[in-house]
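Data first, discussion second: the structure below is written as structure tokens.
Nothing in this text is a laboratory measurement; each read-out follows from the coordinates by a stated rule. What you see is a predicted model, and the numbers here were worked out from it, not measured in a lab. Glycine also receives a Cβ, built like all others from the backbone with ideal geometry; neighbour counts cover every protein chain displayed.
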Amino acid sequence: MSTFALLVLGAPHSTSAEQSAWHFSQALLAAGHRLFRVFFFHDGVQCGNALQLPTAAGTAVPIRWQQLARDHHVDLVVCVASALKRGVVNAEEAERHQLGAGNLAEGFDLSGLGQWIEACILADRVVTFGP
Amino acid sequence: MSTSKQIAIVFRQPPYGSSFAREALDTAMAAAAFDQKVSLVFIGDGVWQLIANQQPQAIGQRSLEKQLATLPLYDVDRLYADAAALSQRGLHTGDLSLPVEVLDSDAIATLLKQQDVVLSF
């Protein structure tokens, strides 16, 4: 049994990064491993954007990660620096910058790269899903 | 954090066409700030990030070269570049802004195998 941490660098639908990461998560959990944290960085921050509709294929991206997080106690962290410049904000940041409502999906936390470094230190295996 | 892991950051993209270079460097610096043993490995188009005398103000961007120059402040001095990537692009160490160790593919593979964590951007 190993503990995994995943880094997601792509936005939903634009690249296959998020989809690969999600399927990989399902597989590692089914194989009896633990998924500690998923860190959404670069365009991956869009995975935490609540304002997206599902495609005909099924569930909206943030919702399937929410389900995963709830069922398996996984931390979902969106990089704050990457997110703010790409228009993914939580309620506090929206208020602070007078942007109207926040759009960070429930179950996701906005935090810094330190959370990713911590995940690299604590996990047995780290996998990047990028370009 | 008391554990110090060997973390390699692999840079594969050119410097200004996307934000990967900058975000990869931010990750390397965060790892160094947390006292991890950080190595930076430049392969493929990533070697372009190392070019000296970058003038990105002409395209309205901040200099990656200047950010790379701050690496010694974080005690990050393990920089490696792929030999084939440099020669395929007509580059040699004299064109670069930082001292790097030039390694062939086998040596890079060996280096990456020795790491606890490999992050690829």
What order do you get for B:121, B:20, A:40 when you list them from fewest to most C-beta neighbours inside 10 Å?
B:20, B:121, A:40
Using the Karplus curve 6.51 cos²θ - 1.76 cosθ + 1.60 with θ = phi - 60°, work out ³J(HN,Hα) for each residue of the range A:15-20 in order, rounded to whole Hz, and write x for Gly and Pro.
9, 8, 4, 5, 5, 4
Can you give me the angle between helix A:113-122 and the longest principal axis of chain A, using Cα atoms only, in degrees from 0 to 90, rounded to the nearest 10?
10 degrees
So for B:16, B:74, fewest C-beta neighbours within 10 Å to most, what's the order?
B:74, B:16
Just add up the charged neighbours of residue B:50: K/R +1, D/E -1, any other residue whose Cβ is under 9 Å from the Cβ of residue B:50.
-2
Apply the Karplus parameterisation 6.51 cos²θ - 1.76 cosθ + 1.60, with θ equal to phi minus 60°, to every residue of the range B:6-21 and state each ³J(HN,Hα) to the nearest whole Hz, in sequence, with x for glycine and proline.
7, 10, 9, 9, 9, 9, 10, 10, x, x, 10, x, 8, 8, 4, 4
Angle check, please: helix A:61-72 long axis (alpha carbons) against the longest principal axis of chain A (alpha carbons), in degrees 0 to 90, nearest 10.
50 degrees
How far apart, in nm, are the 7 Å Cα→Cβ label points at residue A:1 and residue B:61?
4.6 nm
Write down the radius of gyration of the range B:6-120 and its Dmax, each obtained from C-alpha positions, in Å.
13.3, 40
Using amide H atoms built in the peptide plane, which far-off residues or other-chain residues are under 5 Å from residue B:102 H to H?
B:81
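Return B:63, B:120 ranked ascending by Cβ neighbour count within 10 Å, so the fewest neighbours appear first.
Numbers: B:63 15, B:120 21.
Least crowded to most crowded, the residues run B:63, B:120.
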Signed unit charges on C-beta, dipole axis of the protein assembly as shown, positive-most listed residue B:16, B:68, A:73
A:73
Let me know the mean shielding of A:39-45 by other chains, meaning the per-residue number of their Cβ atoms within 10 Å of its Cβ.
3
